[in-house]
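The values are calculated or read from the model by the stated rules, or taken from the named source; none is laboratory data. Quantities reported herein were computed from a predicted structural model and do not represent experimental measurements. Note that each Cβ is placed from the backbone with ideal geometry, even for glycine, and that neighbours are counted across all protein chains shown.
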Number of protein chains: 2
Amino acid sequence: MSQYQAPLNDMRFATFDVLGVDTCFARLGFTDATRDVLDAVLEEGARFTETVLAPLNAVGDRAGCTLDKATGRVTTPPGFREAYAQFVEGGWSGLTAPPEFGGQGLPHAAGIALKEMIDAANLAWGNFPLLSHGATEALLHHGEDWQRDVFLKPLVEGRWTGTMCLTEPHAGTDLGLLRTRAEPQADGSYSVTGTKIFITAGDHDMTENIVHLVLARLPDAPAGSKGISLFVVPRQRVARDGALGEPNGVRCGSLEHKMGIHGSATCVMNFDGAQGWLVGQPNKGLAAMFTMMNTARLAVGLQGLGLSDRAYQNALRYARERLQMRSASGAKHPDKAADPIIVHPDVRRMLLTCKALIEGGRAMGYHAALLVDIAHAAPNAQEREQADALLGFMTPIVKACLTEWGVECTYHALQCFGGHGYIAEHGVEQLARDARITTLYEGTTGIQALDLLGRKVLQQRGAGLKAMLGMIDALCSEQGDGGAASEFVDALREKTAQWQQLTQRIAERAASNADEVGAASYDYLMFSGYVTLAYWWARSVVASEASSRPAAFKAAKRETARFYFERILPRTLAHAAAMESGAETLTALEADAFDA
Amino acid sequence: MSQYQAPLNDMRFATFDVLGVDTCFARLGFTDATRDVLDAVLEEGARFTETVLAPLNAVGDRAGCTLDKATGRVTTPPGFREAYAQFVEGGWSGLTAPPEFGGQGLPHAAGIALKEMIDAANLAWGNFPLLSHGATEALLHHGEDWQRDVFLKPLVEGRWTGTMCLTEPHAGTDLGLLRTRAEPQADGSYSVTGTKIFITAGDHDMTENIVHLVLARLPDAPAGSKGISLFVVPRQRVARDGALGEPNGVRCGSLEHKMGIHGSATCVMNFDGAQGWLVGQPNKGLAAMFTMMNTARLAVGLQGLGLSDRAYQNALRYARERLQMRSASGAKHPDKAADPIIVHPDVRRMLLTCKALIEGGRAMGYHAALLVDIAHAAPNAQEREQADALLGFMTPIVKACLTEWGVECTYHALQCFGGHGYIAEHGVEQLARDARITTLYEGTTGIQALDLLGRKVLQQRGAGLKAMLGMIDALCSEQGDGGAASEFVDALREKTAQWQQLTQRIAERAASNADEVGAASYDYLMFSGYVTLAYWWARSVVASEASSRPAAFKAAKRETARFYFERILPRTLAHAAAMESGAETLTALEADAFDA
């Protein structure tokens, strides 16, 4: 079974040393979010996830969820329900929710390390409370007063959970195709009918109610994505005074059999005249849903990070214990039958790749979470706007890169185990299977890439890119002359210049051929991710040198940064060349000639 | 469920147009291996694999193998046994085996497309007959006359199957650590005792006997890898006259629960005073085992290819059917609710990556198989030696690259399905799980990389590399001036020059630091694979233009070649940069500082 120990040391480093989150919170007016409080969240979060959630990870994989077809009710794996009760009891569900609805009112970024821990400890379990956050956001920003009064408190307190019901069998990325209908009723409610698929936590046995946020069409709605409205549809009907009523006309029709996250209930949900209430304006549902989706995308990025870290921890332990062959440069442990495999350069290549992507990715992911708070709470409008633009720019990068790297890191970790990695009992193969969903749900990597290049860079004229380039430039100016990260400045300057040129070139091409955007998007995304990560590694070296941490820690940060710049950052060369080749290499072949 | 149709068109193209296998066979004296015969093998092989094996693929995944702990006997999934009977009845098991033992005497390369089809149709099933081939080879080359008489005929006829029993719990890559012992007995046999793990097809219900080829130590054996001998240990004892006797002291102790290939029995085999017979010289077992291992490595490479192709076929079908969003450059199918996703450049990027790696990989893999025949049967010694050197060089490349690309192609294919790819019923997730074993067994990618750079290039002074460079140079000279592949010549020349420089540089560094080999090996391997594939793509364009195939076929080959050169070959830039960075970036960090 794979083990998990929350990487508190590096979490603290990213939070306090690299990002100065506590100072930032003070400036933003989150007076309760002191370093002591944040430390307590880390400590208690580690205890909860290590001792309660982590041991249930393999259990959930083996047992999965089960559906009683007769009742439409889902039973979660042994222990999941009890773990959820402890989660609620510990007050975790409302950690960053507004105090007026029972939350603890901490800023968003104060919960991000906890999020990583939950995902690493038990991704499948973490999916049950996950979407309550999005549902809370949607109702908070778009709901009527009575909806907030009735739904938010139970969601924040964890007595109910939320879902996002978007996808239909024929409508995934293309929500404009969806067919679920909502008929207005005399009492002001709507009768919702249709089938939704891939509904995470669509049903379960953890709470007395479930709050579905459902996209559907009004009878007079225009076709396509401009005719979609958002509805709140609880599993048990809820009166305007909050009283629980009859079961509603919604039930789980079946559970998907999946490659991984077996403990997570992925439901087909059948709405059959279910009572729902319009949230926000008619036909503006997609915009409201995007409020939920952006938070969810950052959250899925963190899932990739968490799984990477757990896989790395286990591979590292194995590489230190497993004795095979002697080091090529002479036996390192002549007293043993063979050297531990961590002496072999190729094993180190795999471990260092994980370490570089994880620790750099942690700084990048936590920073995005901090941008959420800055965009909400910064004292001046310009700072809020800039943070919002940068957040919009970073959201697809964090989502796509951290999940692609999650697939890669779980691959390397499994590979370090050799054949043993393929065997279930070591647990690393489960992490690889679980990671495989993260590049798919909440928008595939390809969709993130289009969002980044098409919308955030080209349509929004690159405000987010400009902000990121400004941060890198500031670091280079500050570090250029004898700074702790001076050895990385030339590479950073070269890459940012290339980034700008590539952006310019693609924009020019796209002006005459719209397919150039999609043709460059994936490579643009990955290029952006690697350059951004280079920035975070340079900043990590600066932060580590400025800290009072032990010499071994500082050396590890610097050596890993060097590894990253020398061995990972050159991947940008391949991505740049692919982008340069243009759309023609992708569009020339006729669709029916792919198997000519 | 995923579908499978043998890609006969491209298999014929690789076999006849690119490689001229039939002409080569005639020159080597394989007079029976005419084009008609090879065509019949393709046609009949397609029928057998498509109709018998392919439908059992999902069955095997769901049912898996089961062990009766009381008897130590393994039951294979429903239908596997009957399919094996049809395989034997069809004469497939002895297709390329010597006629004197009941085989059909066709050359090795005559069976390679069939091998790909079997792997694509049902990898788990294919693992049962797979190792008979290696056992046959080992006994043919190292066995005593009576051993050949007794064991070979049933193996060739498929009445018995073979295994390779190498790995022990503490001894995987490092076979020098193995502990299984063999005590000489009065009758000339040996009593074999020990535990072997990861034994593919270690037990099953398909045949009346199983022939284990087992590595073990004689009582007076020197320590390490120089004290290992090879033994043949049948499940049922076999007298020198071939009569079947009592059950032998060997049984399956348990089955591993694995990430994939559930239908393949991965056994813990307990030898408890089992009667075995020495094969070859005492303490020379490792060399004899390598005879088996090299063939097995090529075979595993083909597994990666087969899985890639099946995954690609299904992704392509889905991409043509699934309607989501409009093409950015204007609706392509305005009559439909949306365009099929194959119009989107990023979906094409994933499909073309598969197509380029598969079709180029097919030429590369089939060529390696042909080298086996040339190395055995070429009329002059120099040609045999050169083929053998090139085969030795290409074996780790074929094994590692085709399996790494198998992981990559199944990744892309699954990604094309979006969230549906993660659901078991579509079958593509099984292919991704099954593919994950191929970079591990028969030597991980890291081990292949060391074999390539350490042994084949640096120790053997690069005869294989020289042969490969010679082939590329000849093509460039021939095509440089207005040839069909002239557009690719500059890139090929540039890459081969870089390949030579990198090899030289690493050799120089390795002279003073042995860790430089392991530090460069993985990137050297992948660099070599991508350059070699570029060669096969250029040759494919030449062969396609010279053929009488339809214009659409020729266009598809050329466009895919262009895609490969422009969008995949640049990956060599990243690999070259990583190699250039040297060992320091991998060895600087202390082993205990990886989680400092």
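Checking B:Ala511, B:Ala543, B:Ala552, B:Ala497 one by one, the residue that is among the small types (Gly, Ala, Ser) and over 29 Å from B:Ala484 (Cα atoms) is B:Ala511 and no other.
Selection of first residues in the range B:513-535 that are on the phi < 0 side of the Ramachandran plot and within 14 Å of chain A (Cβ to nearest Cβ) and of second residues that are small (Gly, Ala, Ser) and buried (at least 23 other Cβ atoms within 10 Å of the Cβ), restricted to Cβ pairs under 7 Å at least 6 apart or on distinct chains, gives the following pairs, ordered by first then second residue: B:Ser521/B:Ala449; B:Tyr522/B:Gly446; B:Tyr522/B:Ala449; B:Asp523/B:Ala578; B:Tyr524/B:Ala449; B:Leu525/B:Ala400; B:Leu525/B:Ala449. Per the conditions (1) at the interface with chain B (Cβ under 10 Å from one of its Cβ atoms); (2) within 26 Å of B:Gly419 (Cβ to Cβ), the sole criterion not satisfied by A:Thr395 is (1). Every condition in (1) among the aliphatic types (A, V, I, L, M); (2) closer than 30 Å to A:Asp61 by Cα; (3) surrounded by fewer than 20 Cβ atoms within 10 Å (Cβ to Cβ) is met by B:Ile261 except one, and the failing one is (3). If you go through the range A:203-232 and pick out every residue that is assigned to a loop (DSSP other than H, G, I, E, B), buried (at least 17 other Cβ atoms within 10 Å of the Cβ) and hydrophobic (A, V, I, L, M, F, W, C), you end up with 4.
Against the numbered list (1) in contact (Cβ under 8 Å) with a residue 24 or more places away in the chain; (2) surrounded by fewer than 17 Cβ atoms within 10 Å (Cβ to Cβ), A:Arg235 comes up short only at (2).
From the set of residues in the range A:260-295 that are among the small types (Gly, Ala, Ser) and within 14 Å of chain B (Cβ to nearest Cβ), which is farthest from A:His141 (Cα to Cα)? Show your work before the answer.
Looking only at the range A:260-295, we keep the residues that are among the small types (Gly, Ala, Ser), and these are A:260, A:263-265, A:273-274, A:276, A:280, A:285, A:287-288.
Those left that are additionally within 14 Å of chain B (Cβ to nearest Cβ): A:260, A:264-265.
Values: A:Gly260: 34, A:Ser264: 28, A:Ala265: 27 Å.
Among residues in the range A:260-295 that are among the small types (Gly, Ala, Ser) and within 14 Å of chain B (Cβ to nearest Cβ), the one farthest from A:His141 (Cα to Cα) is A:Gly260.
So which residues in the range B:415-431 are under 22 Å from the mean Cα position of the chain (by Cα) and facing another protein chain (nearest Cβ under 7 Å)? Of everything in the range B:415-431, just one residue is under 22 Å from the mean Cα position of the chain (by Cα) and facing another protein chain (nearest Cβ under 7 Å), namely B:Glu429.
Within the range B:346-387, the residues that satisfy the criterion of being free of Cβ contacts under 8 Å to residues at least 12 places away in the same chain and within 14 Å of another protein chain (Cβ to nearest Cβ) are B:Asp346, B:Arg348.
On the given criteria, is A:Leu316 among the aliphatic types (A, V, I, L, M), within 14 Å of chain B (Cβ to nearest Cβ) and touching a His at 6+ places or on another chain (Cβ under 8 Å)?
Answer is no for this residue.
With respect to B:Leu95, determine if the residue is buried (at least 24 other Cβ atoms within 10 Å of the Cβ) and not basic (Lys, Arg).
Values: buried (at least 24 other Cβ atoms within 10 Å of the Cβ): no; not basic (Lys, Arg): yes.
No; evaluated as a whole, the condition is false for this residue.
Taking the range A:328-346 as the range and being among the aliphatic types (A, V, I, L, M), buried (at least 20 other Cβ atoms within 10 Å of the Cβ) and in contact with a strand residue (DSSP E or B) (Cβ under 9 Å, 6 or more places away or on another chain) as the test, the residues that pass are A:Ala338, A:Ile341.
Figure legend. Inter-residue proximity from the range A:433-457: first residues without any contact (Cβ under 8 Å) to a residue 24 or more places away in the chain, second residues assigned to a helix (DSSP H, G or I) and buried (at least 24 other Cβ atoms within 10 Å of the Cβ), beta-carbon distance below 6 Å, spacing 6+ or different chains. Indicated pairs: A:Leu440/B:Tyr422. I'd like to know if the range A:309-329 contains one or more residues that are in contact (Cβ under 8 Å) with a residue 40 or more places away in the chain, closer than 30 Å to A:Ser225 by Cα and among the basic types (Lys, Arg). No, the range A:309-329 contains no residue that is in contact (Cβ under 8 Å) with a residue 40 or more places away in the chain, closer than 30 Å to A:Ser225 by Cα and among the basic types (Lys, Arg). Applying the criterion of being facing chain B (nearest Cβ under 8 Å) and part of a loop (DSSP other than H, G, I, E, B) to the residues of the range A:542-577, the residue that is nearest to A:Thr353 (Cα to Cα) is A:Pro570.
Residues of the range B:168-175 include at least one that is in contact (Cβ under 8 Å) with a residue 12 or more places away in the chain, in a helix (DSSP H, G or I) and not assigned by TED's automatic domain parsing to the domain that holds B:Glu89. Sub-7 Å Cβ pairs linking a first residue in the range A:1-21 that is more than 10 Å from A:Leu370 (Cβ to Cβ) to a second residue that is of a type in the set (Ser, Thr, Tyr) and part of a loop (DSSP other than H, G, I, E, B), at least 6 apart or interchain, are A:Asp17/A:Ser547, ordered by first then second residue.
Count of the range A:121-149 residues, restricted to those that are assigned to a helix (DSSP H, G or I) and in contact with a strand residue (DSSP E or B) (Cβ under 8 Å, 6 or more places away or on another chain), is 14.
For A:Ala223, the conditions (1) of a type in the set (A, V, I, L, M, F, W, C); (2) under 27 Å from A:Gln430 (Cβ atoms); (3) within 14 Å of chain B (Cβ to nearest Cβ) all hold with the exception of (2).
For the range B:16-41, a residue qualifies if it is over 15 Å from B:Leu95 (Cβ atoms) and either of a type in the set (A, V, I, L, M) or in contact with a Leu (Cβ under 7 Å, 6 or more places away or on another chain) (or both), and the qualifying residues are B:Val18, B:Leu19, B:Asp22, B:Cys24, B:Ala26, B:Leu28. Considering each residue of the range A:301-317 in turn, none proves to be outside the structural domain of A:Leu213 (by TED's automatic domain parsing), under 27 Å from A:His376 (Cβ atoms) and modelled with pLDDT under 95.
From B:Gly91, B:Gly126, grab the single residue that is on the phi > 0 side of the Ramachandran plot and not hydroxyl-bearing (Ser, Thr, Tyr).
Details: B:Gly126 fails: on the phi > 0 side of the Ramachandran plot.
Matching residue, one of B:Gly91, B:Gly126: B:Gly91.
Quick check on B:Ala186: is it surrounded by fewer than 17 Cβ atoms within 10 Å (Cβ to Cβ), farther than 24 Å from B:Pro129 by Cα and more than 25 Å from the chain's Cα centre (by Cα)? Yes, satisfied. Kindly evaluate B:Gly105 against the criterion of being over 25 Å from B:Ile437 (Cβ atoms), of a type in the set (Gly, Ala, Ser) and in contact with a Pro (Cβ under 6 Å, 6 or more places away or on another chain). Judged against the criteria, B:Gly105 is a match. Of the helices (runs of 4 or more DSSP H) lying entirely inside the range A:1-96, those containing at least 2 residues that are acidic (Asp, Glu) and at pLDDT 95 or above span A:35-48, A:80-89.
Listed here are the residues, each with its yes/no results for (1) in contact with a Phe, Trp or Tyr (Cβ under 8 Å, 6 or more places away or on another chain); (2) within 22 Å of B:Gly365 (Cβ to Cβ); (3) at pLDDT 95 or above.
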| position | (1), (2), (3) |
| --- | --- |
| B:Val542 | no, yes, yes |
| B:Arg549 | yes, yes, yes |
| B:Thr560 | yes, yes, yes |
| B:Phe563 | no, yes, yes |
| B:Leu569 | yes, yes, yes |
| B:Leu573 | no, no, yes |
| B:Ala576 | yes, no, yes |
| B:Thr587 | no, no, yes |
| B:Ala596 | yes, no, no |
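So, in the range A:328-342, of the ones that are in contact with a Lys or Arg (Cβ under 7 Å, 6 or more places away or on another chain) and within 7 Å of chain B (Cβ to nearest Cβ), which residue ends up farthest from B:His575 (Cα to Cα)? This residue is A:Ala338. The residues in the range B:332-369 that are basic (Lys, Arg) and over 30 Å from B:Ala296 (Cβ atoms) can be counted, and the count is 4.
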